[in-house]
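> I have a structure I would like to understand better, so I am pasting it below and will then ask my questions one at a time.
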C-alpha cells in the first residue's frame, strides 16, 4: 500500500484487434494537477475513460487510494466487479466531458442535486444547499433554476463541473472540456478549473490548451501511440522536449 | 389439438381458403390502386391547391383520418344503398378502403413535397424551368424517394384493413375462415392459420418496404 | 333520391351513442396504459445488447405488427378459450388491444431511446448512478418528451381501433351506431353522428397531447 492517490500499472486496452493503450504506467499523489497532451488517437481520452470505467480494459490495473478499480482477481481469474460496486467506485472520481452532457430536462441545480440525492442519499434540502454552494463557486448561483437549453456552452460546462465536484470526488477528470466551446467562452471555464487547482483539488486533464496546461499543471504527460512518450514538469517539457515526437507535436500545436 | 384432423379439414377446405385469399388480394390491390390515384390528387391539392380547394381537401382528410376504418366500411355499406347507389358489399368495401387509403397517401405525398427545401424550386426557376418541368424533374423525383417506403407500408395497412370487409359479408380470407370454423369448430387452428397467412403476406410486404427504402436512399 | 334527413330518431338515441363513446374511451385508456408498460419494457429489450432480450422482443413486435387486429381480437375471444384461457368480452378485447398497443408503442419508444445521446448515460454513470437509476431519472423522461408527437398519433390510432370491439359485440360506439342504424333505419344520420363523435374525440385527444407537449417542453 502506497500513499499514491492514483496508481496505473501497465494499462492495456483494445477495441477488437486495435490496441489503443499499450502499457501505460502513471502515478499521482494528492494535490497533483496533471495535463495529458498528445495528438488525437494517441489514447489520452481512452486512458481517462478507463479510470472512470466508462471503458473496459483488458490488462493492467488502476488503483485509487489503494482500491482496485473495476476488476478483481478471484482464484486467479480476473473478473469485472459488480455493477453496484463499480457505480460506487465511479463516485470516487468526478468527470467533466467535452460535450458537457448536462441532463436537458433538469435545471442547473437539479443536475447537481441528482447524484447527491440518488447516490449519496442526501435529503432534497441538503442536496439543494450543496448545489447552490457549488453553483456559486462556478459563478452561476443566479442561474440555478435555468435549464441547460437556456445556458451558453461555457455556462453549461461550468454547471457540469459543479455537478461532478459536488459529489466530493478524490480526483477530477477533465476530458477536453473546452474543445466544444466557442473561443470566447473558453476562458471562463479554464478560470474555474484553475481556481480549483489552486485550492488543492487533484486533477487529471486531457487538453489541447497548451498555454493552460503549462500554467496550471505541475506535471505533463505526453501520450504517443498508446504509450507515454514523455513526462515531466511543464517548464522542461515545453521548453526542452527530450524526444523528437514531442517537439514535433509542440510545433504543430498552438503553444508559443 | 389433433393435427391430423386439422390437416384433413384444411385439405377439404382448400378451395374456399384459396378463394378467400384471392379475394383478400384483389380487395387490397383494388383499394391500393384507386386509393393511390385519389391520394396523389389529395396530396397535390393539399400542397399546391388554391385556398378553397385546400380547405375542402383538408376537411376531407381530417374527417377520414378521424374515423375508424370499420366505421367507414359500415357507413359505406349502409349509406350508399340508402341514397340509391346500388353497390354490393364488395364494391362498398373497396370504396371505403380506397377512401381510407387516399387520405393516408395524401398525407404521405404532402409530407414528402413539403419536406423539399424551397431552394430547390428557386434553383429550378433560376435555370428557367416552368412549374410542370420543375415538378417533373426536380420535386417529383425527390418526393418519390420519400413516398415509396411509406407507400409500401400503406399497402400492408390495406391488407390488414381488408379483414374488416368480413363484417359486411365479403367472402375474403377471414370470412371464409369463420365459415370453416362454424362447420368444423376448429377455431384455434383456423384462426391461427388465417393469422399466419396474413402474417406471411404482410411480412413479405414489410421486407419489400425495407428493400425499397434501401434502394431509394440517396447515396451519401 | 327520396331521402330527407331527419335527425330526431338519432337524437333520441344520442345517450346510447355517448355511453358507447365512454366505453370506447375506457377501453382505449385501459389498453394503452397496459400497452405502455409492455411497450416501454419491450423497447428497452429491443435496444439491448443481449440477443436473449432483443430477439424475443423483435419477434413479438414483428408478429403483432403484421397481423390484422381483427384476427387477433377474434382469436383471443373465440379461440383461446379452447386452451382454457376464457375472458369476458370486454376483458378479452382490452387484453388484445393492450398486447397490440404494446408492439406499436415499443416501436415509438425505441425510436425515442435511440435519439438520446450516449453521453447522457455516461454522465449518469460518472456521478455513480446505477443503470436502473439512469433509465428512470434520465433516459425515460427524455425519451417520453422526444416521442410525444408520434405517441399522439399512435394513441389516436389505437383509440380508433376500439371500434373493432364491435366485432365481438362489446357495446362501444360503433356497435351502438350499428344497432341504432338497424333499429331506426335513419342510416345516413346515424353514421354522420357516429363518425362526428369519433372525429371530435380524436381532435380533442390530439389537442390534449399538444397541450402536454407544450407543458413539458424544455425552456430554451
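The values are calculated or read from the model by the stated rules, or taken from the named source; none is laboratory data. Values in this document were obtained by computation on a predicted structure and should not be read as measured data. Because the Cβ atoms are built from the backbone with ideal geometry, glycine has one as well, and the counts that use them run over all protein chains shown.
> Answer with yes or no whether residue A:223 is under 29 Å from residue A:57 (Cα atoms), surrounded by fewer than 21 Cβ atoms within 10 Å (Cβ to Cβ) and away from chain C (no Cβ under 14 Å). Quick ask: steps written out before the conclusion?
On the way: under 29 Å from residue A:57 (Cα atoms): yes; surrounded by fewer than 21 Cβ atoms within 10 Å (Cβ to Cβ): no; away from chain C (no Cβ under 14 Å): yes.
No, not satisfied.
> Another question, then. Scan region B:81-122 for residues that are within 14 Å of chain C (Cβ to nearest Cβ) and surrounded by fewer than 18 Cβ atoms within 10 Å (Cβ to Cβ) and jot them down.
B:81, B:82, B:83, B:84, B:85, B:86, B:87, B:111 - these are the residues of region B:81-122 that are within 14 Å of chain C (Cβ to nearest Cβ) and surrounded by fewer than 18 Cβ atoms within 10 Å (Cβ to Cβ).
> Tally time: how many residues in region B:143-177 are out of contact with any helix residue (DSSP H, G or I) (no Cβ under 7 Å at 6 or more places or on another chain) and without any contact (Cβ under 8 Å) to a residue 24 or more places away in the chain?
0
> Then there's this: Name the residues in region A:137-162 that are within 11 Å of chain C (Cβ to nearest Cβ) and touching a strand residue (DSSP E or B) at 6+ places or on another chain (Cβ under 8 Å), would you?
Step one: filter region A:137-162 for residues within 11 Å of chain C (Cβ to nearest Cβ), giving A:145-151, A:160.
Within region A:137-162, just A:160 meets the criteria.
> Specify which of the listed residues (C:118, C:106) is modelled with pLDDT under 95 and either at negative phi or away from every other protein chain (no Cβ under 13 Å) (or both). Give the steps one after another, and end with the answer.
Details: C:106 fails: modelled with pLDDT under 95.
Just a single option satisfies the conditions, and that option is C:118.
> Of all residues in region C:10-24, how many are farther than 14 Å from residue C:172 by Cβ and away from chain B (no Cβ under 14 Å)? Steps first, please.
Step one: list which residues in region C:10-24 are farther than 14 Å from residue C:172 by Cβ, which gives C:10-15.
From what's left, away from chain B (no Cβ under 14 Å): C:11-15.
So the answer is 5.
> Would you mind telling me which numbered condition in (1) surrounded by fewer than 16 Cβ atoms within 10 Å (Cβ to Cβ); (2) assigned to a helix (DSSP H, G or I) residue C:49 fails?
(2)
> Identify, please: which residue in region C:186-203 is under 18 Å from residue C:14 (Cβ atoms) and without any contact (Cβ under 8 Å) to a residue 24 or more places away in the chain and is, among those, farthest from the chain's Cα centre (by Cα)?
Let us first name the residues in region C:186-203 that are under 18 Å from residue C:14 (Cβ atoms), namely C:186-201.
Adding the requirement that they be without any contact (Cβ under 8 Å) to a residue 24 or more places away in the chain leaves C:187, C:191-192, C:195-196, C:199-200.
Numbers: C:187: 29, C:191: 23, C:192: 24, C:195: 19, C:196: 20, C:199: 16, C:200: 17 Å.
Once the filter is applied, the top-ranked residue is C:187.
> Also, I was wondering about something else. Answer yes if at least one residue in region B:206-219 is crowded, with 18+ Cβ neighbours inside 10 Å, within 11 Å of another protein chain (Cβ to nearest Cβ) and free of Cβ contacts under 8 Å to residues at least 12 places away in the same chain, and no otherwise.
Checked against the condition, which is being crowded, with 18+ Cβ neighbours inside 10 Å, within 11 Å of another protein chain (Cβ to nearest Cβ) and free of Cβ contacts under 8 Å to residues at least 12 places away in the same chain, region B:206-219 yields no hits at all.
> Which one of these does residue A:88 not meet: (1) within 11 Å of chain C (Cβ to nearest Cβ); (2) part of a strand (DSSP E or B)?
So residue A:88 meets the others, but not (2).
> Select, from C:136, C:190, the only residue that is in a helix (DSSP H, G or I) and away from chain A (no Cβ under 14 Å).
Working: C:136 fails: away from chain A (no Cβ under 14 Å).
Checking each option against the conditions leaves just C:190.
> Here's a follow-up. For region A:118-139, give me the residue count where each residue is assigned to a loop (DSSP other than H, G, I, E, B), touching a helix residue (DSSP H, G or I) at 6+ places or on another chain (Cβ under 6 Å) and more than 20 Å from residue C:133 (Cα to Cα).
Residues of region A:118-139 assigned to a loop (DSSP other than H, G, I, E, B): A:119-123, A:138-139.
Of the ones still in play, those that are also touching a helix residue (DSSP H, G or I) at 6+ places or on another chain (Cβ under 6 Å) are A:122, A:138.
If we keep only those that are more than 20 Å from residue C:133 (Cα to Cα) as well, we get A:138.
Adding up the residues that qualify gives 1.
> Now for a different question. If I ask for residues that are more than 23 Å from residue A:194 (Cβ to Cβ) and crowded, with 18+ Cβ neighbours inside 10 Å, which ones from region A:147-168 would you list?
Of the residues in region A:147-168, the ones more than 23 Å from residue A:194 (Cβ to Cβ) are A:147-150.
Residues satisfying the conditions are A:147, A:148.
> Let me ask something else. Restricting attention to region A:169-184, which residues are surrounded by fewer than 18 Cβ atoms within 10 Å (Cβ to Cβ) and closer than 18 Å to residue A:208 by Cβ?
As a first pass, look at region A:169-184 and keep what is surrounded by fewer than 18 Cβ atoms within 10 Å (Cβ to Cβ): A:170, A:179-180, A:182-184.
Listed by number, the residues that qualify are A:179, A:180, A:182, A:183, A:184.
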